[in-house]
Amino acid sequence: MHQESSIREPLIIGSKTYHQITEDIARPIEGKANKYWYIVFTIAVCAFIWGICCLSYTVGVGIGAWGANKTVGWAWDITNFVWWIGIGHAGTLISAVLLLFRQKWRMAINRSAEAMTIFAVLCAALFPVFHMGRIWQAYFVLPLPNQFGSLWVNFNSPLLWDVFAISTYFSVSLVFWYIGLIPDFATIRDRAITPFRKKAYKLLSFGWSGRARDWSRFEEVSLVLAGISTPLVFSVHSIVSMDFATSVIPGWHTTIFPPYFVAGAIFSGFAMVLTLLIIMRKVLGLETYITIKHIEYMNIVIIVTGSMVGVAYLTELFISWYSGVEYEQYAFLNRATGPYWWAYWSMMTCNVISPQLFWSKKLRTNIIFTFIMSIIVNIGMWFERFVIIVTSLHRDYLTSSWTMYHPTFIELGIFVGTIGMFFTFFLLFARVFPVIAQSELKSILKASGSEYKKIKH
């Protein structure tokens with residue numbers, strides 16, 4: 001019996017030509033922004049300004065403006081820091097790892113995911129810097145020569161590893177993102193009408209000519225950077241997890257943290273990419289390039305990483321019981337049934353139970369359902385960090401120092417401000433830079449365009 005293999009669904013729909021792809025990608029940059037863009041941008045800028053006001057107040061008054069206390073020294077600041085670093089994780093994964101595996105579906109989403117990485121790391125960096133209290137002395141985290149004074153950085157501290165890991169990650173991601181943009185800057189340069197625009201994009205495109213030699217070097221550099229970035233995907237969040245794992249606090253002192261944090265970061269990162277892409281495909285009219293198929297593939301990644309996170313939660317519970325350490329057992333019992341039980345069960349519901357709904361093809365190809373789910377996943381991942389940090393600290397070894405942590409209006413304002421900052425930068429990026437890599441899309445048009453997928457009998 002002869003059986004035909006099914007043809008994969010196209011990744012570019014609507015019979016597009018090479019010229020139409022250029023027109024569609026260049027339109028948001030060359031034309032005027034639509035009303036949706038202005039509405040979202042105004043909301044984002046207002047949130048950003050509120051955040052700046054709250055940060056200024058913190059610098060003026062001191063960290064006492066926050067709800068952190070003697071027992072819960074780390075709270076919203078580090079929760080938000082780890083959350084933002086996690087969101088920045090998917091960008092490099094989509095670009096580097098999927099490039100090395102030659103996955104075609106990454107091509108419509110990698111540019112936005114890389115930009116998201118850059119902006120998320122910038123948002124994350126604000127929290128530890130301001131948590132220092134004396135922000136004007138933040139340079140002490142750098143390995144400085146002794147002429148600066150007798151204080152030398154502690155190379156045994158995981159907080160210093162963070163500085164190195166995150167700054168390396170940020171630098172490599174920035175270079176990777178920018179190099180990918182060069183051919184597209186050249187396209188916009190050649191289409192520009194006004195002298196200022198022509199000059200600006202000429203500078204940005206580094207004299208790109210589009211000759212075979214340019215393309216050859218471009219592809220070589222992309223592969224080298226992808227190779228450098230891939231270990232960074234795993235190392236950055238492993239090092240962030242060691243902020244906790246190298247301590248002796250029950251609930252933190254565990255070897256499962258590095259892989260569990262990496263899986264969680266990919267999980268929350270993909271959810272944020274979905275949130276952004278679903279908004280963007282509507283606002284910029286890119287439905288023919290960011291298709292239902294792309295959204296389905298990303299939802300499959302969310303099922304896999306969500307299940308990994310669920311296994312990690314259950315492993316933690318099992319090990320706390322199996323270890324026979326009463327303090328460890330109490331830490332987990334207190335998480336699930338103590339005063340912060342609502343945060344623990346919110347985390348479990350959002351991260352473990354809700355992604356399993358994507359096993360249904362009908363739900364994982366539904367745009368509105370996916371959008372709601374992507375937000376739920378990121379709420380769940382925020383709760384995960386909150387549960388790890390606050391519930392492990394608020395019940396100390398001494399009953400006399402047991403306390404509750406309550407965030408203040410200022411902390412809430414700073415967090416909302418970073419979300420505003422992230423969306424402000426992202427929306428500006430969407431207006432100035434091409435949000436999809438045209439050259440990469442054109443390279444798969446004949447293999448994955450709907451026009452070429454038609455079966456001729």
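Distance check, please: which entries in Lys35/Lys282; Lys35/Lys198; Lys293/Lys362; Lys282/Lys362 exceed 19 angstrom between their Cα atoms? From the list (Lys35/Lys282; Lys35/Lys198; Lys293/Lys362; Lys282/Lys362), the Cα-Cα distance tops 19 Å for Lys35/Lys198; Lys282/Lys362. Restriction of the chymotrypsin sites (Phe, Trp or Tyr not before Pro) in the range 337-434 to DSSP coil positions whose beta-carbon has at most 13 other beta-carbons within 10 angstrom yields Tyr397, Trp402.
For the range 171-296, the relative contact order works out to 17 percent when only alpha carbon pairs closer than 8 Å and six or more residues apart are counted. Our estimate of slack between Leu357 and Thr194, defined as 0.36 nm per intervening residue step minus the Cα-Cα distance, is 53.6 nm. Rolling a 1.4 Å probe across the protein heavy atoms gives the chain an accessible surface of 47 Å² per residue.
Please report, in debye to the nearest 20, how large the charge dipole of the range 292-372 is about its Cα centre when each Lys and Arg carries +1 at its beta carbon and each Asp and Glu carries -1 there. Spell out each step's value before the answer.
Working: 5 positive and 4 negative charges, 108 e Å.
Taking the Cα centre of the range 292-372 as origin, the dipole is about 520 debye.
As a length-normalised measure over Cα pairs under 8 Å and 6 or more apart, the relative contact order of the chain settles at 34 percent. Please work out, to two decimal places, the log10 of the ratio I(q)/I(0) at q = 0.11 Å⁻¹ from a Debye calculation in which every Cα of the chain carries one identical scatterer. Results for the chain at q = 0.11 Å⁻¹ read -0.94. Semi-axis lengths, largest first, of the ellipsoid equivalent to the range 206-360 are 39, 22, 12 Å, with √(5λ) applied to each eigenvalue of the Cα gyration tensor.
Mean Kyte-Doolittle of at least 0.5 plus a Cα span of 30 Å or more along the axis: flag which DSSP H helices in the chain meet both, please.
Long hydrophobic helices here: 35-61, 110-131, 158-191, 212-245, 257-283, 292-322, 367-393, 409-432.
For the chain, excluding the exposed loop sites themselves (trypsin sites (Lys or Arg not before Pro), DSSP loop, at most 13 other Cβ atoms within 10 Å), the longest remaining stretch covers 212-453. Between Leu398 and Ile319, the contour length at 0.36 nm per residue exceeds the alpha carbon distance by 26.1 nm. Positive-end ranking of Gln356, Ala245, Val163 along the dipole of the chain, with charges on Cβ about the Cα centre, is headed by Gln356. Here is how the number arises for the chain: DSSP H runs of 4 or more residues each give -39500 (n - 2.57), the sum is divided by the residue count, and the result at 222 nm is -22500 deg cm²/dmol.
The values are calculated or read from the model by the stated rules, or taken from the named source; none is laboratory data. Because the structure is predicted, anything quoted here is derived from the model rather than measured. Backbone-built Cβ (ideal geometry, glycine too); neighbour counts: all protein chains shown. To get the accessible areas, we keep the full protein, side chains included, count just its heavy atoms, and leave off ligands, DNA and RNA. Shrake-Rupley method; radii C 1.70, N 1.55, O 1.52, S 1.80 Å.
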